[in-house]
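The values are calculated or read from the model by the stated rules, or taken from the named source; none is laboratory data. What you are looking at is a predicted structure, and each value in this text was computed from that prediction instead of being measured. Glycine also receives a Cβ, built like all others from the backbone with ideal geometry; neighbour counts cover every protein chain displayed.
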Amino acid sequence: MSRLTERGGWVILLSFLVGLTLTLIPTPEWADRFRPQWVALILIYWCMALPDRVGVGIGWMAGLTLDVAQASLLGQHAFAMAIMAYVTNKAHMRLRVLPLWQQSGTVLLFLLVNQLIVQWINGVVGYPPRDWWYLAPPLASTVLWPWVFVAVSYTHLTLPTTLNS
């Protein structure tokens, strides 16, 4: 049994599946520009909450899953998510003590770096962005961060000990 799925790791896996599902749900064309980065938000949460269990490897796998699901260049989201997981793991002790509104500012920086890495890779392979709308998903995700944090925390902390331990 893998390290992720032992001792309540199914909650982590389930939260990533919910994030991936929310990412893939079709939206109207006007709302697609503001689609939150659900998987990245879930990754940031788990890297803050359980940095010994969720890190660069899980970030890489979540990014590869996004690459396959969105039919993007294989490895571009994986690389960006791995970097974001590394930075979040390094700063997790500082992030935990911040109020949610300050965490949101830090999450915005992490998501902007993630998005800029993805756009940089797109530019390297010949698909530069046509406009500045690629910055909208990190902004929308930042607005949702407090609710994601509270929802995942509630799910994570209120499970019976037989399921969570």
note = Of those in the stretch 45-80 that are under 14 Å from PRO137 (Cβ atoms) and in contact with a helix residue (DSSP H, G or I) (Cβ under 7 Å, 6 or more places away or on another chain), the residue surrounded by the most Cβ atoms within 10 Å (Cβ to Cβ) is HIS77
query = From the set of residues in the stretch 45-63 that are touching a residue at least 40 places away in the same chain (Cβ under 8 Å) and outside any helix (DSSP H, G or I), which is farthest from GLY9 (Cα to Cα)?
reply = PRO51
ask   = Does PHE110 satisfy the criteria of being in contact (Cβ under 8 Å) with a residue 60 or more places away in the chain, surrounded by 14 or more Cβ atoms within 10 Å (Cβ to Cβ), part of a helix (DSSP H, G or I) and under 14 Å from the mean Cα position of the chain (by Cα)?
value = yes
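Residues are listed down the side, and each one gets a yes or a no for (1) modelled with pLDDT of 95 or more; (2) more than 18 Å from LEU108 (Cβ to Cβ); (3) in contact with a Pro (Cβ under 9 Å, 6 or more places away or on another chain):
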| site | (1), (2), (3) |
| --- | --- |
| ALA31 | no, yes, no |
| TRP38 | yes, no, no |
| LEU41 | yes, no, no |
| ILE44 | yes, no, no |
| ASP52 | no, yes, no |
| GLY55 | no, yes, no |
| ALA62 | yes, yes, no |
| VAL68 | yes, yes, no |
| ALA71 | no, yes, no |
